[in-house]
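A short worksheet on the structure shown next.
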Amino acid sequence: DSLLSDTVYATAERIAAGAPLAARMTKKTMKRLGHPKPLSEQEVIDSYAPCDSADYAEGVRAFLAKEKPHFEGK
């Protein structure tokens with residue numbers, strides 16, 4: 001189906017254009033959802049790690065400046 005393949009392709013492009021650290025965190029979260037148990041203290045701490053990254057700062061800067069961000073995976 002052309003609509004499905006177009007949607008899949010558009011979604012893949014959007015993910016690829018985003019921040020690499022955010023994509024990694026999303027994949028980790030999706031994998032974790034397969035194990036429905038309370039988060040450990042370390043998992044909660046780890047979930048905030050991307051907030052200290054250069055990519056996070058770049059994303060906020062670009063958003064406030066209404067510019068396209070340039071992520072480096074750091």
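For a quick check of your reading: which helices (runs of 4 or more DSSP H) sit entirely within the chain and have at least 3 residues that are more than 14 Å from the chain's Cα centre (by Cα)?
2-17, 41-47, 54-65
Considering only residues that are of a type outside the set (Asp, Glu) and open to solvent by 100 Å² or more (accessible area, probe 1.4 Å), which ones fall in region 43-66?
Those that are of a type outside the set (Asp, Glu) and open to solvent by 100 Å² or more (accessible area, probe 1.4 Å): Tyr48, Tyr56, Phe63, Leu64, Lys66.
Can you tell me how many residues in region 1-24 are open to solvent by less than 60 Å² (accessible area, probe 1.4 Å), aliphatic (A, V, I, L, M) and under 15 Å from Glu72 (Cα atoms)? Let's see the steps before the verdict.
The first filter runs over region 1-24 and keeps only residues open to solvent by less than 60 Å² (accessible area, probe 1.4 Å), leaving 10-12, 18-23.
Subsequent filtering for residues that are aliphatic (A, V, I, L, M) retains 10, 12, 19, 21-23.
Applying the additional criterion that residues be under 15 Å from Glu72 (Cα atoms) yields 19, 21-23.
Matching residues across region 1-24 total 4.
Please work out which one of (1) open to solvent by less than 100 Å² (accessible area, probe 1.4 Å); (2) at pLDDT below 90 is the condition His35 fails and give its number.
Here His35 meets the rest and fails (1).
Which residue pairs have Cβ atoms closer than 7 Å, lie 6 or more positions apart in sequence or on different chains, and pair a first residue in region 1-23 that is under 30 Å from Ala49 (Cα atoms) with a second residue that is in a helix (DSSP H, G or I) and open to solvent by 80 Å² or more (accessible area, probe 1.4 Å)?
Ala23/Ile15
The values are calculated or read from the model by the stated rules, or taken from the named source; none is laboratory data. Being a predicted model, the structure only gives us computed values, none of them experimental. Cβ coordinates were reconstructed from backbone atoms using ideal geometry, including for glycine residues, and neighbour counts include every protein chain displayed. Ligands, DNA and RNA are excluded from the accessible area calculation, which covers all protein heavy atoms including side chains. Shrake-Rupley method; radii C 1.70, N 1.55, O 1.52, S 1.80 Å.
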